[in-house]
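Working notes, structure below.
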Amino acid sequence: MKIKTKISEMLKIDLPIIAAPMFLVSYPELVVAVSEAGGIGCFPSLNYRTPEQLREGILEIRSKTKKPIGVNLILHKEHNPNWAKQFDVVMDLKVELIITSLGTPRTIAKEIKSNGSSLFCDVTTLKHANIVAKSGADALIAVSQGAGGHAGAITPFALIPYLKKETGLPVIAAGAISNGSQMAAALSLGADAVYIGTRFIATPESRAQNEYKQMLIDSSPDEIVYTEKISGIPANWLAKSVERSPEILEDGPKKIAAGHAGGEKAIEQEYKRWRDIWSAGQGVAQIDEVKPAGEIVKEIANEYLATINSLPR
C-alpha cells in the first residue's frame, strides 16, 4: 500500500507516517519495525550517552533495515552539550531525516542538504516556524495541543492550516493521533504526514517499562497533565505517574535549571525524570492494547483509506 504526499515523496517512503523520536522509548527495534512497515522510524540522539554509542545504534539499525530512518537532535547546548559531535555521526552515516528541536538549524542546514538528507523542525508557533523556515527547514512538524512530550497550546484545527498558509512549507501533524481517522482529519487540514508518538509506546518494540505501557491503556485524555514543572518546558505527562512524585511540581523548574548548568549532569537528571515520570499525549483515548508497531502502521493506513472513502459526498 502507498499513500502519496509531499512528505512520502521527499523521504521516499510508502506511507506518510512518522514514528516520533521518544526519549528512553525509541530504539532500534521500534525504528526498524516502523520503517519496514512503510513509514519512517525515528529516535532521539540522546538515547545514546556518547557519540560512539550513537554510531553503534545507527549501524545496528542499518544492519536490520535498508529503509529510511530519522534522528532527532536537540540543538541547545544546555540540554544537549554533545549535539555537534552527534551531528557529525548522523552526517557520516547519511541518516535520511534530521529532526531538530529547541534551537535553530541555521548553521547546519546547508550541510544536511548537501548530504542528501531532509531537515524537519518541531514548531509550536508561527514565530518559531518562520525562524526555522528561513534557516532552511524542508518541512515543519506542527506540535499542537494534546501532543505527548513537549507540546504547544494551539489546537491542530488552527495550527496546521495556519502554518501551511503562512510559510508555504509542507506540514507534519503532531498531537493526539493514534488511528487512521485522525490521520484523515490531519491530512484534510493540509498536513502532508502525521507524527505519532504515544501510540507507539504501547508496542512490544518500545523499551518503555511494562507499567508505562499499561498506564497508557488505563489512562483517559483528562488524565494528561500539561505543565512546565517537570522539564522546564510545557509538556504533557501521565497524571498517574506525576502523582507519584508530587514534590516535583512544586519546584521542578528550579531543579531543572540547576541541573542544566552541569552538562552531563543535566542529561543524567533528564534520564531520571523521564524514567520515573512518563510522557503521553491525549491520544491515549484510542489506546486499548499493546500491539506490534508494524501492525499499527498498517492499521492506520487502512483506516485512513476507509475513512476518506466513507465521508459524505
Only one of these conditions is not met by HIS76: (1) modelled with pLDDT of 95 or more; (2) open to solvent by 10 Å² or more (accessible area, probe 1.4 Å); (3) not aliphatic (A, V, I, L, M). Which number is it? (1)
Yes or no: the stretch 46-60 includes at least one residue that is within 20 Å of LYS298 (Cα to Cα), open to solvent by 10 Å² or more (accessible area, probe 1.4 Å) and part of a loop (DSSP other than H, G, I, E, B). no
With the requirement that a residue be surrounded by fewer than 22 Cβ atoms within 10 Å (Cβ to Cβ) and within 17 Å of the chain's Cα centre (by Cα), what does the stretch 62-73 give you? PRO68
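Tell me the residue from PHE23, PHE87, PHE120, PHE43 that is of a type in the set (Phe, Trp, Tyr) and closer than 19 Å to GLY294 by Cβ, please. Before the answer, list the steps.
Numbers: PHE23 fails: closer than 19 Å to GLY294 by Cβ; PHE87 fails: closer than 19 Å to GLY294 by Cβ; PHE120 fails: closer than 19 Å to GLY294 by Cβ.
Just a single option satisfies the conditions, and that option is PHE43.
May I ask you to say which residue of LEU24, LEU59, LEU97 is over 26 Å from ALA151 (Cβ atoms) and not charged (D, E, K, R)? Steps first, answer last, please.
Details: LEU24 fails: over 26 Å from ALA151 (Cβ atoms); LEU97 fails: over 26 Å from ALA151 (Cβ atoms).
Exactly one of LEU24, LEU59, LEU97 is over 26 Å from ALA151 (Cβ atoms) and not charged (D, E, K, R), namely LEU59.
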Any hit, the stretch 76-90, residues being among the polar types (S, T, N, Q) and in contact (Cβ under 8 Å) with a residue 40 or more places away in the chain: yes
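Can you spot a residue in the stretch 135-152 that is outside any loop (DSSP other than H, G, I, E, B), of a type outside the set (A, V, I, L, M), more than 30 Å from VAL284 (Cβ to Cβ) and open to solvent by 10 Å² or more (accessible area, probe 1.4 Å)?
Initially, the stretch 135-152 is screened for residues outside any loop (DSSP other than H, G, I, E, B), giving 135, 139-143, 149-150.
Filter once more, so that each one left must be of a type outside the set (A, V, I, L, M): 135, 149-150.
Then keep just the ones that are more than 30 Å from VAL284 (Cβ to Cβ); that gives 135.
Still in the running and open to solvent by 10 Å² or more (accessible area, probe 1.4 Å): 135.
Yes, the stretch 135-152 contains a residue that is outside any loop (DSSP other than H, G, I, E, B), of a type outside the set (A, V, I, L, M), more than 30 Å from VAL284 (Cβ to Cβ) and open to solvent by 10 Å² or more (accessible area, probe 1.4 Å).
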Within the stretch 100-132, the residues that are among the β-branched types (Val, Ile, Thr), open to solvent by 60 Å² or more (accessible area, probe 1.4 Å) and part of a helix (DSSP H, G or I) are ILE131
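For the stretch 92-99, does any single residue satisfy the condition of being at pLDDT below 95, touching a strand residue (DSSP E or B) at 6+ places or on another chain (Cβ under 8 Å) and open to solvent by less than 10 Å² (accessible area, probe 1.4 Å)? Quick ask: steps written out before the conclusion?
So the first thing to find is which residues in the stretch 92-99 are at pLDDT below 95, and the list is none.
So far as the stretch 92-99 goes, no, none of its residues is at pLDDT below 95, touching a strand residue (DSSP E or B) at 6+ places or on another chain (Cβ under 8 Å) and open to solvent by less than 10 Å² (accessible area, probe 1.4 Å).
The values are calculated or read from the model by the stated rules, or taken from the named source; none is laboratory data. Computed from a predicted structure; not experimentally measured. Neighbour counts run over all protein chains shown; Cβ positions are idealised from the backbone, glycine included. All accessible areas refer to the heavy atoms of the entire protein, side chains included, with ligands and DNA or RNA removed. Shrake-Rupley method; radii C 1.70, N 1.55, O 1.52, S 1.80 Å.
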